[in-house]
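This structure is in C-alpha cells; I'll ask about it shortly.
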Amino acid sequence: MSEIGEAALHEIVWMMAPLRREPNPEAPLETEALRGESVAIGRGEVDGWVHARLLADGYEGYLPTAALAPLGPAATHCVAVPRTLAYPTANFTHPPIAALTMGARIRIARRDGRYAVTSEGEFLIESHLEPIGSRAPDPVSVAEMFLRAPYLWGGKSVLGIDCSGLVQLALAQCGTNAPRDSHQQEAALGSAVPLDVAPYGLRRGDLLFWPGHVAVARGDGTMIHATAHTMMVVIEEVEAALARIAAGGDQLRSIRRLGI
C-alpha cells in the first residue's frame, strides 16, 4: 500500500463512498465514507482508486478517486436523520438532485425559509440538520431510527449497515468518536460490567459483545442490532438472542457500559 501523508487531505463529495480492501469494485467492502468526511490519501492511483485513511477512525483501504476533492472549509452542519433529500430550489415538489445520509457533513451558506442552502447550492430541509458539535442525548434512540434497515457488511447508512457501523454512527451522533470494528469498540469503549447482569440487569445503552458482533441494550430486556440472522436491524429479546447465538457456537464475551 502507498504511504499516506497528512498533507494530502481530501474530503468525500459523493453521498457515500465505498472503502474497499483492494482497488477493485468487486473487492470486499471494508466500510463507507460519508459526504464531507476528511481523508488522507496516498500517492498514486490504481485504475481509478486511491489508497486512503479516514481521519475520523483511522480506517484504511481504497476509495474511488472520483469520490474525492481537495479539503475545503470546515463543515458547519451534519445530517441528523437517517436520510434527507437535496433539492435544486426551495421547492420540495421539484425532483431532488441528491440524497444524504445521517452523519454527512455539509457547509451551510444561507437560509431560505425552511431550507438550508449548502455552499454547493443544494436546498436541504433545515430541521433535518444539526450544527457541528450538537449531540443527541441517547444512542439507543438514534439506533432505533435504523430499525429494519438492511444488513450490509461494511455498511454505514440506512441503505445498508452492519452491527459495528450502527454502533459507531449512533455514538457519533451523541458526540462519541468510536472505532469502526466491534473488537475495537469492545477494547476502547466504556467500562466492563459482569456478564451476569444480562438480560434484566442491563442498562439502556450497554454494549453487548460476542466474537465479531455487537448489540445495544434498550434497558427493558431487549436489544437492538444489525444482524445477518435477519439481514436487517431488529429489536430482539436479550434472553432469546443469548440462547440463539450460543446455539450457533458463540457465547456473550463482554458487556461495556458507557458514560454517556
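The values are calculated or read from the model by the stated rules, or taken from the named source; none is laboratory data. Quantities reported herein were computed from a predicted structural model and do not represent experimental measurements. Heads up, the Cβs are rebuilt from the backbone with ideal geometry, glycines too, and the neighbour counts pull from every protein chain shown. Quick note on the areas: whole protein, heavy atoms, side chains included, nothing else; ligands and nucleic acids left out. Shrake-Rupley method; radii C 1.70, N 1.55, O 1.52, S 1.80 Å.
Which one of these does Thr118 not meet: (1) of a type in the set (S, T, N, Q); (2) in contact with a strand residue (DSSP E or B) (Cβ under 7 Å, 6 or more places away or on another chain); (3) within 26 Å of Trp210 (Cα to Cα)?
(3)
In addition: Among the listed residues Arg53, Arg110, identify the single one that is under 24 Å from Ser182 (Cβ atoms), of a type outside the set (A, V, I, L, M) and not in a loop (DSSP other than H, G, I, E, B).
Every option except Arg53 fails the conditions.
Can you name every residue in segment 155-192 that is hydroxyl-bearing (Ser, Thr, Tyr) and farther than 23 Å from His229 by Cβ?
Thr176, Ser191
Another question, if that's okay. Looking at segment 106-134, which of its residues are open to solvent by 30 Å² or more (accessible area, probe 1.4 Å), over 17 Å from Pro82 (Cα atoms) and among the acidic types (Asp, Glu)?
Asp112, Glu120 - these are the residues of segment 106-134 that are open to solvent by 30 Å² or more (accessible area, probe 1.4 Å), over 17 Å from Pro82 (Cα atoms) and among the acidic types (Asp, Glu).
Looking for whichever is in contact with a Pro (Cβ under 9 Å, 6 or more places away or on another chain) and of a type in the set (Val, Ile, Thr) here; the options are Thr227, Thr176. Which one fits?
Unique residue meeting the criteria: Thr176.
Would you be able to tell me the number of residues in segment 23-40 that are open to solvent by 30 Å² or more (accessible area, probe 1.4 Å) and assigned to a strand (DSSP E or B)?
Adding up the residues that qualify gives 2.
Every residue in segment 150-200 that is open to solvent by 40 Å² or more (accessible area, probe 1.4 Å), over 22 Å from Gly133 (Cα atoms) and without any contact (Cβ under 8 Å) to a residue 60 or more places away in the chain, please.
His183, Gln184, Ala187, Asp196, Tyr200
Using the structure shown, decide if Ser141 is over 29 Å from Pro88 (Cβ atoms) and either open to solvent by 30 Å² or more (accessible area, probe 1.4 Å) or of a type in the set (A, V, I, L, M, F, W, C) (or both).
yes
With the structure loaded, tell me whether Gly103 is modelled with pLDDT of 95 or more, small (Gly, Ala, Ser), under 14 Å from Cys174 (Cα atoms) and surrounded by 20 or more Cβ atoms within 10 Å (Cβ to Cβ) or whether it fails that test.
yes
For residues that are of a type in the set (S, T, N, Q) and under 20 Å from Ala8 (Cα atoms), tally how many sit in segment 20-44.
Looking only at that region, the number is 1.
Considering only segment 212-260, state which residues are hydroxyl-bearing (Ser, Thr, Tyr) and either out of contact with any strand residue (DSSP E or B) (no Cβ under 6 Å at 6 or more places or on another chain) or open to solvent by 30 Å² or more (accessible area, probe 1.4 Å) (or both).
Residues satisfying the conditions are Thr227, Thr230.
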